[in-house]
Amino acid sequence: MNNKKILLGKCYTDGISNAFKELGYTVNNADKEITRINDEETWKLVEKYKIEGVDYVFSLNFSKDMAKACNANKIIYISWVWDSPHVNLWSEAARYETNFIFLFDYAQYQIHKNRGLNNVYYLPIGVDCGLFKQMIADKPSVKRYEADISFVGNLYNDDEHSLWDKVNYLPQYLKGYIDAIIYTQKNVWGSNLISTIGYGEWQLLKKYVNLEFGDGYEDGAYEAAMSNIISQKIAQLERMDLCSILNNKYDFSLYTDCDTSFDERIKTRGHADYVKEMPYIFNGSKININITLKSILTGIPLRALDIMSCGGFLLTNYQIEIAEYFENEKDMVFYEDMGDMCEKIDYYLEHDEERKRIAFAGCEKTRKFFSISRQISLINDIINT
Amino acid sequence: MHILMYNWRAFSNDYLLNNLRELGGNVDVWSDPDILEPTERAIEKLKTKLKNNYDLVVSFNYFRGVATACEQTNIPYAAWTQDAPLWSLYDDTIRSKNNYFFCFDSEQYKHLKEKNIKNVFYLPLGVDVERLEKKTVNITADKRSKYVADISFVGSLYKDTAMFDDIVAKLSEYSKGYLYAICNMQLKVPEIRFSEIEISKEVMRELQRKVSFEGEGYIEVKLKKLFENIVDRKVTAIERNMMVEICRKYQNFKIYTNSSLDEALNKYNQGIVDYYTDMPLVFNQSKININLSARPIHYGIPLRVLDIIASNGFVLTNAQPDLFLYFEEGKSIATFQCIEELEDKIDYYMDHETERINIRNEGKAIVKSIFDYKTQIKTIFECVGI
């Protein structure tokens, strides 16, 4: 026991909770996602646990209300951000000395460091490798999840994620301007073209597209939020394309609860449960596709790590950080565009042995370097320095 | 070796000629302007000339009239590109088996290779280091004071953007916004190769409807490629203008251009300078020479950069991709990613003289060993097999 008490917001699995316990923390689990509870509930939660002597609060992503409540109560707030850009980081509350903010995307980390946030750190995402390993070991194959190619993901054409489509009036000049960015960004990874939008055009956007922020947000918040909205629009176009093309050519399993009526040939298998189904899908599919949101400039998205940690073969767009930690065609495979994706699919469907070797190598590496327990121990090191 | 060199308005023709001769070539020069069209007569005249036991025909860039004459007389034709895009490369004559293409731009090289042309090679441009060295020794006091500068820029400002401006004037507000965004992205994210920019079907259709594009008459070039070139030139104009605005803040800034400048900027303009006699002195006597590669050249190392370095000048250049095949940033070349970085880089190199000189010297050593004319010409001979 290390005499430290930590309050954990709800996470995907018990992995984070277990990792802190293994490090000797007394762990209290709040049953809610900390970024989804309102201001009042947040304060109540903190006040309750303050009385019980909690030293730390931990959440995935950053809640400005929690940051304030912790700051007021002299509790350390640890936030591990798995979204990029994360608009809440532009709140004034992000600057509190009581925060420890861990960002999975290195480019995003640099942006916030340049804004003068001294309490930000770079830390890639971790996955619950232990849990997935156990699940696969218990049930090596589950027939109904087997497929040649699988894609698990949001198509961004649902209500919550298609905000750009809801913009009902833009001057034509501005519409053309943003469309050029959207269509070009589809073909380009690693550069954020949304950041090229000129000052005049930003003013026009702010005039015609109103985004609600509430108080306490600094300059840059609008641009970050708009970046998310436009990235989601791009993702929508890309993923709809991807589904149509793959569905037309291959034995393709799609897991999404989004509407697929844009192409009547496509049948979705619905939502895939993160814990109960996803590991078997990735392990049972010959090839798993990852296509990263453009707003994630350099970072390794959760999906890519999920796939590999479950023993799945990963076929993904190029991300700088994936290339830094993993070797192309040894641990996973990059595709350059849809044409190249299909060529690689054709190849790897024909070359079972090689494909399995790659999946195995990627899995080993992910379990070694991207486990939640490893990442949490790195967090532990930093907060105790 | 009996060589015919076709000369037409390329920089550095004299250097190529001298070096071919110094390598033992018996070189004749051919300059018939009617080859450009080409007229039947011009082709016949050249064919007659070629009956005199020639081993090779050489030119900068590519002329289909020359290619036709060479094909019909079965003589190899080495075409060494100095420009991009080269509209003449969109002609069917490129498939002649007698053609040997030496492309200075690696993207241009790839495009030709993709067309399954047999003899295509990537070959950066050459520079006559020895001659340039001689010119930059014993410079008279007069010339020194004429050319000494903190910052120099030699080149066109691409002021004639009429093509772009005329087109935009005819388009809808939507298309205008679309095109301005494209120009803006090109300015700020130069590593985007143009082929990665989507021109939506809607904008393309409007372009086809409202604008008549003049290609090179007889050559069919894709609309997108022609349009790409117009946008590239517009972006070059914007960028070079921004460069002038940045450089004018410095004490001793000299620009050598025949482009018209705003009245306030006229005082910086020294007018045009002779390529052979005085340009090397400009490069040599300036602390920093700016190179902003013309945007139509997507990857290739422009001749300007090599000339500057060979004249013992320090060049601060945009980060043209092919440079990094040979030079190392901060060690043998100084580059900037985009125009927004230029000012900081100028300040830095103005303050760090030793580093500037080291980079200059390292760059010179590389140019001397890799880009010397004789090295390049020998490569041409080897590839052609003579």
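The values are calculated or read from the model by the stated rules, or taken from the named source; none is laboratory data. Computed from a predicted structure; not experimentally measured. Neighbour counts run over all protein chains shown; Cβ positions are idealised from the backbone, glycine included.
Just one of the numbered conditions (1) surrounded by fewer than 21 Cβ atoms within 10 Å (Cβ to Cβ); (2) more than 9 Å from chain A (Cβ to nearest Cβ) is not true of B:Pro190: (1). Return yes or no: is A:Ile149 in contact with an Asp or Glu (Cβ under 9 Å, 6 or more places away or on another chain), in a helix (DSSP H, G or I), crowded, with 19+ Cβ neighbours inside 10 Å and in contact (Cβ under 8 Å) with a residue 24 or more places away in the chain? Against the criterion (in contact with an Asp or Glu (Cβ under 9 Å, 6 or more places away or on another chain), in a helix (DSSP H, G or I), crowded, with 19+ Cβ neighbours inside 10 Å and in contact (Cβ under 8 Å) with a residue 24 or more places away in the chain), A:Ile149 does not qualify. Considered as a group, the residues in the range B:147-160 that are surrounded by fewer than 17 Cβ atoms within 10 Å (Cβ to Cβ) and not acidic (Asp, Glu) include one that is nearest to B:Ile309 (Cα to Cα), and that residue is B:Ser156. For A:Glu47, the stated conditions hold: it is more than 26 Å from the chain's Cα centre (by Cα) and modelled with pLDDT under 90. Within the range A:175-187, residues that are at the interface with chain B (Cβ under 7 Å from one of its Cβ atoms) and farther than 13 Å from B:Lys176 by Cβ reach partners that are small (Gly, Ala, Ser) and in a helix (DSSP H, G or I) with beta carbons closer than 6 Å, at six or more positions or on different chains, in the pairs A:Ile181/B:Ala181. When the range B:261-275 is filtered for residues that are surrounded by 15 or more Cβ atoms within 10 Å (Cβ to Cβ) and either assigned to a helix (DSSP H, G or I) or of a type in the set (Ser, Thr, Tyr) (or both), the ones remaining, listed by number, are B:Leu265, B:Tyr268, B:Tyr275. A:Phe360 - would you say it is at pLDDT 95 or above and in a helix (DSSP H, G or I)? The answer is yes for A:Phe360. For the range B:54-99, the set of residues classified as in contact with a Cys (Cβ under 8 Å, 6 or more places away or on another chain), of a type in the set (Ser, Thr, Tyr) and either more than 27 Å from B:Pro296 (Cα to Cα) or buried (at least 22 other Cβ atoms within 10 Å of the Cβ) (or both) consists of B:Tyr77, B:Thr81, listed by residue number. Listed by position, the strands (runs of 3 or more DSSP E) enclosed by the range A:52-114 that each have at least 2 residues that are under 22 Å from A:Phe20 (Cα atoms) and not hydrophobic (A, V, I, L, M, F, W, C) are A:56-60, A:76-81. Note on the range B:154-185: among residues that are of a type in the set (D, E, K, R) and closer than 15 Å to A:Ala180 by Cβ, the one that is nearest to the other protein chains (Cβ to nearest Cβ) is B:Glu173. Filtering B:Ile309, B:Ile301 for residues that are in a helix (DSSP H, G or I) and within 18 Å of B:Lys368 (Cβ to Cβ) leaves a single hit, B:Ile309. Of all residue pairs spaced 6 or more apart or on separate chains, those with beta-carbon atoms under 7 Å, a first member in the range A:19-35 that is among the basic types (Lys, Arg) and a second member that is outside any loop (DSSP other than H, G, I, E, B) and surrounded by 14 or more Cβ atoms within 10 Å (Cβ to Cβ) are A:Lys21/A:Val27. In the range B:115-138, the qualifying residues are those that are of a type in the set (D, E, K, R) and outside any helix (DSSP H, G or I), and the one that is farthest from the chain's Cα centre (by Cα) is B:Lys118. Across the range B:229-250, which residue is modelled with the highest pLDDT among those that are acidic (Asp, Glu) and either touching a strand residue (DSSP E or B) at 6+ places or on another chain (Cβ under 9 Å) or crowded, with 20+ Cβ neighbours inside 10 Å (or both)? Among those that are acidic (Asp, Glu) and either touching a strand residue (DSSP E or B) at 6+ places or on another chain (Cβ under 9 Å) or crowded, with 20+ Cβ neighbours inside 10 Å (or both), it is B:Glu239.
For the range A:152-169, filtering for residues that are within 16 Å of A:Ile234 (Cβ to Cβ), touching a helix residue (DSSP H, G or I) at 6+ places or on another chain (Cβ under 9 Å) and in a loop (DSSP other than H, G, I, E, B) leaves 7. For the range A:188-220, a residue qualifies if it is away from every other protein chain (no Cβ under 14 Å) and crowded, with 19+ Cβ neighbours inside 10 Å, and the qualifying residues are A:Val209, A:Tyr217. If you go through the range B:30-80 and pick out every residue that is over 22 Å from the mean Cα position of the chain (by Cα) and either part of a loop (DSSP other than H, G, I, E, B) or not hydrophobic (A, V, I, L, M, F, W, C) (or both), you end up with 25.
Here B:Leu112 fulfils each of the conditions (1) more than 22 Å from the chain's Cα centre (by Cα); (2) assigned to a helix (DSSP H, G or I); (3) surrounded by 17 or more Cβ atoms within 10 Å (Cβ to Cβ); (4) of a type outside the set (Phe, Trp, Tyr) apart from (1). Here A:Lys166 fulfils each of the conditions (1) away from chain B (no Cβ under 14 Å); (2) of a type outside the set (S, T, N, Q); (3) in contact (Cβ under 8 Å) with a residue 40 or more places away in the chain apart from (3). Could you tell me whether any residue of the range B:175-184 is surrounded by 17 or more Cβ atoms within 10 Å (Cβ to Cβ), modelled with pLDDT of 90 or more, farther than 15 Å from B:Glu239 by Cα and in the same structural domain as B:Gly271 (by TED's automatic domain parsing)? Checking the range B:175-184: not a single residue is surrounded by 17 or more Cβ atoms within 10 Å (Cβ to Cβ), modelled with pLDDT of 90 or more, farther than 15 Å from B:Glu239 by Cα and in the same structural domain as B:Gly271 (by TED's automatic domain parsing). Looking only at the range A:269-286, residues that are part of a loop (DSSP other than H, G, I, E, B), under 22 Å from A:Leu349 (Cβ atoms) and of a type in the set (Ser, Thr, Tyr) come to 0 in all.
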